[in-house]
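The values are calculated or read from the model by the stated rules, or taken from the named source; none is laboratory data. Bear in mind that the values here come from a model prediction, so they are computed numbers and not experimental data. Backbone-built Cβ (ideal geometry, glycine too); neighbour counts: all protein chains shown. The accessibility values were calculated without ligands, DNA or RNA, using every heavy atom of the protein model including side chains. Shrake-Rupley method; radii C 1.70, N 1.55, O 1.52, S 1.80 Å.
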Amino acid sequence: MRIVARGNANILIDYGEPSCLYRCCVRYSGSLRQNNLYTLENFKYINETIKPLLGDLLCPMELQVIPIEFLESIRGELGEIIDDSNVIVTKLRNLRPSEFSTVLYSDHFTRLYTTEGKSKLCLEFKPKWLYNSSDYCRNCSHNVLKGRNIKYCYRRVMNDPTCLRETFQNGVDKAFIVNLLAYFENGENVLRKLYHLQKQAHTQVLGEIRNNDDVTDDLLLEMTLKDVTCFLQWHVDGDISCQIVDVDLKPKEKWVHWLKTETQLRDLNSKIYAN
Ligand SMILES: [Zn+2]
């Protein structure tokens with residue numbers, strides 16, 4: 001057993017089953033019980049709200065209850081107060097199996113992996129804000145704000161997939177580029193789907209919010225849909241499949257952070273208006 005990834009809100013555990021990963025909430029650092037309650041609430045949210053929207057695009061997942069003694073070696077990661085005898089985790093399909101061991105490309109939004117024989121590729125990417133109601137590109141402008149020198153964004157890819165050609169230049173199978181561009185040019189692709197769902201959920205303006213109670217379910221959904229991770233697998237025979245993870249319910253209190261970012265972007269002189 002080992003931790004394969006750590007985020008602010010979750011850790012990902014390889015529990016020795018090659019096809020699965022265990023996702024464990026650590027959002028509330030004080031209490032294991034509180035993290036367990038969030039996992040239950042989040043699982044219900046995903047099943048009732050996200051799954052009907054994403055269908056087969058959603059990564060298969062189920063709840064798993066693990067007695068705390070089976071996680072002894074990572075006990076310190078589970079919360080300062082171990083006030084429960086079990087850890088409730090979400091068992092997910094591993095969308096980047098260990099055979100994808102070589103990283104061909106990596107930036108803040110994208111990682112491209114290949115297998116030893118290079119007959120398969122796995123593209124891990126965060127599309128972020130495909131729909132936004134402002135006249136500037138939220139993704140590209142946010143890159144400027146954060147000092148990230150990234151020449152493309154997935155909003156641009158959605159409108160002009162050829163911009164990826166420049167990004168994946170070195171050591172990437174040309175057939176992959178051809179198949180990937182054809183996939184993103186097809187109206188049924190994952191970016192188009194997320195764009196429409198983000199647009200549909202956009203019913204609330206951040207500037208209207210005064211306190212947590214003002215935050216609508218639509219805004220929480222919109223922000224979840226703007227923070228997902230996609231895993232696209234390509235096989236040398238041209239086959240492409242894609243699934244989505246990181247579809248967690250956002251805490252209402254995050255509206256303060258969202259509004260702060262929006263204000264910073266509005267005041268930024270060097271916003272990017274293209275795409
Ligand atoms: Zn952009």
Find the cysteines in the chain that fail to meet the 4.7 Å Cβ criterion with every other cysteine, and list them.
C20, C24, C25, C59, C122, C153, C163, C230, C242
Note down the nm distance, to one decimal, between modelled labels 7 Å out along Cα→Cβ at S119 and at K151.
3.3 nm
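What is the sum of charges, Lys and Arg at +1 and Asp and Glu at -1, for the other residues whose Cβ falls under 13 Å from the Cβ of Q34?
Working: positive: R27, R33; negative: E41, E80, D83, D84.
Neighbourhood net charge equals -2.
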For region 147-209, alpha-carbon Rg and Dmax in angstrom
15.1, 48
Exposed GluC sites (Glu not before Pro) being those in a DSSP loop with at most 10 other Cβ atoms within 10 Å, the longest stretch of the chain free of them is 1-115
FRET efficiency for D107 and S73 from the Cβ-Cβ distance with R0 = 45 Å, rounded to 0.05, comes out at 0.85
The chain - share of DSSP beta bridges that are antiparallel (%, nearest 5)
95 percent
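Going through the cross-link list K44/K118; K118/K271; K120/K199; K118/K146; K44/K151; K126/K254, which pairs have a Cα-Cα distance over 28 Å in this structure? If you can, show how the numbers build up before the last one.
Numbers: K44/K118 39 Å; K118/K271 39 Å; K120/K199 33 Å; K118/K146 34 Å; K44/K151 38 Å; K126/K254 19 Å.
Violating the 28 Å limit, Cα to Cα: K44/K118; K118/K271; K120/K199; K118/K146; K44/K151.
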I'd like to check one number: the per residue accessible area of the chain, probe 1.4 Å, reported in Å² as a whole number.
51 Å²
Placing each pseudo-label 7 Å from Cα in the direction of the beta carbon, E99 and A9 end up separated by a distance in nanometres of 3.2 nm
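What is the gain in length, in nm to one decimal, between H196 and V65 on full extension, counting 0.36 nm per residue of separation less the C-alpha to C-alpha distance? Walk me through the numbers on the way to the answer.
On the way: separation 131, 0.36 × 131 = 47.16 nm, distance 3.54 nm.
That works out to 43.6 nm of additional length.
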Computed FRET value (nearest 0.05) for S85 with N212, which takes r as the C-beta separation and R₀ as 30 Å
0.40
Accessible surface of the chain [probe 1.4 Å, protein heavy atoms]: carbon and sulfur percent:
47 percent
Please report the orientation-averaged projected area of the chain, defined via the convex hull of its C-alpha atoms, in nm².
15.2 nm²
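Based on alpha-carbon positions alone, could you give the equivalent ellipsoid semi-axes of region 2-93 from the gyration tensor, as √(5λ), descending, whole Å? Kindly include the intermediate steps, with their values, before the conclusion.
Working: eigenvalues 99, 48, 23 Å².
Semi-axis lengths for region 2-93 are 22, 15, 11 Å.
Calculate the FRET efficiency for D135 and D160 from the Cβ-Cβ distance with a Förster distance of 22 Å, rounded to the nearest 0.05.
On the way: r = 18 Å, r/R0 = 0.83.
Once rounded, the FRET efficiency stands at 0.75.
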